[in-house]
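Visitor: Sharing a structure, written as structure tokens. Questions coming.
The numbers here are math on the coordinates, done by the rules we state, and not lab data. On a predicted model such as this, the values are computed, not experimentally measured, just so you know. Neighbour counts are summed over all protein chains in view; Cβ atoms, including those assigned to glycine, are modelled from backbone coordinates with ideal geometry.
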Amino acid sequence: MASVDNKKNYDGYKAFQYLEPGVDYKEYKLAKEIGRVPAFDYPVSEEEEAIVQEIFRNDTIISMHEHTFIAPEDLTEFYEFRRTGRDFTAYEALSQSGLDVIFENFMDGTAMVTSQAGWKWSDVIHDIGIRYSDIAHQDMIIKAERLEDIYRAKKEGKIAFVGALESCTMIENELDRLDILYGFGIRTMGVVYSEANQLGAGLREPNDAGLTVFGKEAVKRMNKLGITIDVSHAGDKTALDTIETSDAPVTINHAGARGLWNTNRMKPDDVIKACAEKGGVIAIEAAPHSTVTAKHPQHSIESFMEHFEYVANLVGIDHVAFGPDTLFGDHVGLHDVLSGQLSIKSSQKSDLQRVEYVKGLENPAECFPNIVRWLVKHGYSKEDIRKVVGTNIIRVLEATWTK
Ligand SMILES: [Zn+2]
């Protein structure tokens, strides 16, 4: 992978190196964080590459949705590994990613420390606490709690981690748990995952009656706290209700366009338009087998960017960004192991052509160099690229966070 000019102050720290493996925790062989699949650089000319490097040197580069842990190499160990509640952040790979700000979504529905089904309050707290403990023992990643953390990351050669959760399921019927999660560093939350919760219906539900009374109260509480609200996994009516109820812009931080690929995981035009009209941003998803199209039924950077251009044409360049939603390890293999927890099968069409991985968008370290190369190659101006890789998201954070 050709490196990008966005140097991070990385001192070689490895996850949990303050502990003794085999004594303090059971060791699992993790996947390779660098070089698991052959490196792929989207082909550009020398002049185009110079522009790419200038963008990484000068602009703030933000991924709106990732899971930056390293999965075990042997995925048959995954459930046992998850029960330990310990995720290993890929610091070395992230130091080469070109990213200045990452929305980190933790274990999410796969936080199964005590539960078989995920989303339990104590498991989510365990997950957040143990990751931030590791982060507190190193200097390259900073926990982003205020806007100033977003602004200073690049200047200081650091990466700002924005704490994100894909659902409010773990708050059950307790509004104050939103305050608790804010106190622990969470700054963006989805209202609901694919299955319904106390707030509303997820995208997998056949009957979506919109936000519940409690859901409306939760949206208002998140507005007051300064939590950015997301509807990526919400059903269409619940998404529209959330956008209408919220006093601040709402995001779709990892999805694509149903106009290009007709599954419930993709967003219809009316939801995309409502999100943009409220001042929000739609960030494009790259997890395997998600953003494919009729023209490109095999998932690739071309099908992914077709979704980007569709949304940009529909609502304008000011309302689109990228939330690739990748991880380190065999993502397709993990989907097979976790298809129940993640509602994968119910949101895929049968005419999709399966891939082993998405070339050029395989993990959080290689996505953005290739996205920027693609944009430069396809004639996007530096100003437009600056918006879609960063300032569109910063605008939403300025409108939704309180500090
Ligand atoms: Zn998701």
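Visitor: Could you tell me the relative contact order of the range 121-239? Use alpha-carbon pairs under 8 Å, at least six residues apart, and round to a whole percent.
Guide: Details: 204 pairs, mean separation 25.2, N = 119.
Reported as a whole number, the value is 21 percent.
Visitor: Could you name the lysines in cross-link range of K377, using Cα to Cα under 18 Å and dropping any fewer than eight places away on the same chain?
Guide: K359, K387
Visitor: So how do 216-223, 294-301 stack up, highest first, on mean other-Cβ count within 10 Å? Display every interim value, and only then the final one.
Guide: Numbers: 216-223: 20.6, 294-301: 16.9.
The densest-packed peptide leads the list: 216-223, 294-301.
Visitor: Can you quote the Å³ per residue value for the convex hull of the Cα atoms in the chain, rounded to an integer?
Guide: Numbers: hull volume 48.8 nm³, N = 403.
Considering the Cα atoms of the chain, their hull volume per residue is 121 Å³.
Visitor: Here's a follow-up. Out of N197, A111, Q96, whose Cα points farthest toward the positive end of the dipole of the range 46-400 (charges: +1 Lys, Arg; -1 Asp, Glu; placed on Cβ)?
Guide: So the residue we want is N197.
Visitor: May I ask you to order 366-378, 383-395 by the average number of other C-beta atoms within 10 Å around their residues, highest value first? Write out the running numbers ahead of the final one.
Guide: Numbers: 366-378: 22.6, 383-395: 20.0.
Peptide ranking by packing, descending: 366-378, 383-395.
Visitor: Which of K14/K158; K295/K349; K143/K220; K143/K278; K158/K224; K8/K155 have a Cα-Cα distance over 18 Å?
Guide: Too far apart for the 18 Å limit: K143/K220; K143/K278; K158/K224.
Visitor: Okay, helix-only estimate at 222 nm for the chain: each DSSP H run of n ≥ 4 adds -39500 (n - 2.57), divide by all residues, round to 500 deg cm²/dmol; what do you get?
Guide: Numbers: 14 runs with 141 residues, N = 403.
Calculated at 222 nm, the ellipticity per residue is -10500 deg cm²/dmol.
Visitor: If you don't mind, there's one more thing I want to ask. Work out how much length T84 to A399 would gain on full extension: take 0.36 nm times their residue separation and subtract the Cα-Cα distance, in nm to one decimal. Spell out each step's value before the answer.
Guide: Numbers: separation 315, 0.36 × 315 = 113.40 nm, distance 3.77 nm.
Full-extension gain reported as 109.6 nm.
Visitor: Apply the Karplus parameterisation 6.51 cos²θ - 1.76 cosθ + 1.60, with θ equal to phi minus 60°, to every residue of the range 82-99 and state each ³J(HN,Hα) to the nearest whole Hz, in sequence, with x for glycine and proline.
Guide: Those phi angles translate into 5, 4, 6, x, 10, 9, 9, 6, 8, 4, 4, 4, 5, 5, 10, 7, x, 8 Hz.
Visitor: Give the aspartates and glutamates whose C-alpha is closer than 17 Å to that of K29, dropping any in the same chain fewer than 8 places away, or say none.
Guide: Partners found: E20, E73, D74, E77, E80, D87, E92, D330.
Visitor: Whole-Hz ³J(HN,Hα) for each residue in the range 145-150, computed from phi via Karplus 6.51 cos²θ - 1.76 cosθ + 1.60 with θ = phi - 60°, x for glycine and proline: what do you get?
Guide: 10, 9, 4, 4, 5, 5
Visitor: Tell me, what ³J(HN,Hα) does each residue in the range 356-362 have, in order and in whole Hz, if you take phi through Karplus 6.51 cos²θ - 1.76 cosθ + 1.60 with θ = phi - 60° and put x for Gly and Pro?
Guide: 7, 6, 8, 4, x, 9, 7
Visitor: Calculate, in nm to one decimal, what N58 and D11 gain on full extension: separation in residues at 0.36 nm each, minus their alpha carbon distance.
Guide: That pair, N58 and D11, stretches by 14.7 nm at full extension.
Visitor: Would you mind telling me the antiparallel percentage of the DSSP bridges in the range 46-400, rounded to 5? Working shown, then result.
Guide: Details: 2 of 28 bridges.
Here the antiparallel bridges make up roughly 5 percent for the range 46-400.
Visitor: Work out the P(r) tail for the range 1-140: percent of alpha carbon pairs separated by more than 23 Å, whole number.
Guide: Distances greater than 23 Å cover 43 percent of the Cα pairs.
Visitor: Let's see if you can work this out: charge +1 on each Lys and Arg Cβ, -1 on each Asp and Glu Cβ, no other charges. What is the dipole magnitude of the chain about its Cα centre, in debye to the nearest 20?
Guide: On the way: 44 positive and 63 negative charges, 91 e Å.
I would put it at about 440 debye.
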